[in-house]
Amino acid sequence: MTSDKKNVSLLADLFVKKGLSDIVISPGSRNAPVIIAFANHPGIRALSVVDERSAGYFALGMARQTGKTVAVTCTSGTAALNYAPAIAEAYYQKIPLLVLTADRPPELIEVGDGQTIRQKDVYRNYVKESFELPCVVDDPATFQIAEEMINRAIDLTLFPEPGPVHINIPLREPLYGTSDDTVEGRIISTVKKPEPIAKELIEGFAERWNVSERILIVAGQMQPDPLLNSRLAALSKLDNVVILTETTSNLHDPRFMDCIDNVVSTIGDEEAKKFQPGLVVSFGGQVVSKMIKRYLRLNPPKDHWHISASGEQRDTWFSLTGVVPLKPAEFFRLMAGSIANVESMYAKIWAVRLEKVKKIGVTYLEKIPWSDLRVFERLFSDIPGDSILHLGNSTPVRYSQLFGSSAKFIYHSNRGVSGIDGQVSTAAGAAFTSEKINTIITGDLGFLYDSNALMNHNLTPNLKIIVINNGGGGIFRFIHGPDTSPLLEKFFSAKHNWRADKIAETFDVNYFKASNEKELAKVLNNFYAKMTRPAILEIFTPSDTNARILKDYFKALKTNVLF
């Protein structure tokens, strides 16, 4: 059984034929044909999530975890607008979503009909492309238009790089009609083969590389890529190459500089030129470190090449020379035979500094009292290995950079646009499609803002939520500006005394708490041992000392690094 709306029945048929299977549905009436067609299809797993904003992020988490396109669908009007944050995050993080919004037919737009807004192209700034299905598919020509449109929309979610695509679906009443006759469409490949890279481009780049005494490779946010990891590990042995990674790069090697802020914070004006690269090669998504962005903007390289399969011109340092339209692993494979080791002290300069700041950091951590910094040190040490770690915005993902990356975790974070909305929902979606433990570390405001993530019957026992409750937005207590403002507590950090225990009770989620190091050590085992339901661990830390301890940490690094 399917919907009697042929445009929607065709969409469901091609969705499955293209190899897709998952859709997250939010309740509504206008999208009833989509619900009927997809939820009744034997090849589709349909999930119900009431809150559209949470549903969008839940789908995002599923898609990021599986690498497959996940669809979301909602009714018309403001319901569609609630998808916008997740769509923007998916766009900048390159995650494949197919967004299906039900709409009024054209004759009911702008005439005062209920639950109606201008939905066509509503996400145009944050999707790869927008489409609108024909309202009625009742002749061969219109059928062919719809068929080609659906094929192209689905293909675009994955090629040449993943991202969100929008299909708006105008529907006339009645909406609940069904049919036993499935509308079947053809699979049409709309993927264009990429143009081969000119041999001269690689050779020219290799020539530039081989005369550079100071090469800096900067990796942004990425999924784990073992082939790329091995190619970069080989390059890291060269005297003139330094590789900067972050936890969210999911790249691991002892030679990688995976504590960027620790090192860059110690580079004074008098030695800035010593660390300045002549050539920068970048790839991946967003870079968390504001310090490296500032440093490279003030000390730009002579050349900066960005590696991007879609040809994206990401000019983070305001010094972009050009873009190589390849996947990073393929680029370094093509370069491998042409790269020579150039005699240089550049790698050693960075390595010596990294070793110094690590020793200073260890000494500092031994002396600090109970605080956010102490909590994160303990968590990164004691969270079970072979698990997925989701880092919330704003402080959790930044604290993680101070401790470097561990191969025991796969790191995720919503760093596409870095909002606090949807962090828990995203982790919940990932946990749903994963057998591993999925831990989300979030701040109190981020958790409370996304508490509707728990209003979801699809939550799984492998979802572990750690809430760092320091009574407000802790990041504003050490950002220069808000930290000294008389408006800090009320308007920037939004100081509060709210807790998560009653929320956990409402949604039947296990709840644990810790207010000191001894309690945390004791509760962590139980928190991870109980796998019958999702669980929340709320950790209370002192807001009045957290910022001071973090500021003193960086002060200790800079003060002691030259001794």
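Please treat every number below as a calculation from the coordinates, not as lab data. Computed from a predicted structure; not experimentally measured. When we count neighbours, we look across all protein chains shown, and the Cβ atoms used for this are built from the backbone with ideal geometry, even at glycine.
Points worth noting:
- Going from the residue with the fewest nearby Cβ atoms within 10 Å to the one with the most, Cys135, Cys259 rank Cys135, Cys259.
- Environment charge of Tyr123, counting only residues whose C-beta is closer than 15 Å and scoring Lys/Arg +1, Asp/Glu -1: -1
- Exposed loop positions in the chain were taken to be trypsin sites (Lys or Arg not before Pro) whose DSSP state is not H, G, I, E or B and which have at most 11 other beta-carbon atoms within 10 angstrom. Between these positions, the longest stretch is 368-563.
- Cross-link reach list, aspartates and glutamates versus Lys302, counting only Cα pairs under 14 Å and skipping chain neighbours closer than eight places: Glu213, Asp315
- Surrounding net charge for Ile109, when Lys and Arg each add one and Asp and Glu each subtract one, Cβ distance under 14 Å: -1
- Segment 155-257: chymotrypsin sites (Phe, Trp or Tyr not before Pro) in DSSP coil with no more than 14 other Cβ atoms inside 10 Å: Tyr176
- Within the chain, percent of DSSP bridges classed antiparallel, to nearest 5: 5 percent
- Cross-link table Lys356/Lys522; Lys356/Lys408; Lys436/Lys522; Lys6/Lys327; Lys290/Lys327; Lys94/Lys359, entries beyond 30 Å C-alpha to C-alpha: Lys356/Lys522; Lys6/Lys327; Lys94/Lys359
- Label point at Lys551 placed 7 Å out along Cα→Cβ; residues across segment 453-474 whose backbone nitrogen lies under 15 Å: 474
- Each of Glu195, Glu147 has some number of other Cβ atoms within 10 Å of its Cβ, and from fewest to most they run Glu195, Glu147.
- Axial C-alpha extent at least 27 Å, average Kyte-Doolittle at least 0.0 - helices from the chain (DSSP): 346-365
- The fraction of Cα-Cα pairs per 20 angstrom bin, counted from 0 for the chain, comes to 20, 49, 28, 3, 0 percent, rounded to whole percents.
- Sorted by Cβ density within 10 Å, fewest first, the residues Val323, Val50, Val218: Val50, Val323, Val218
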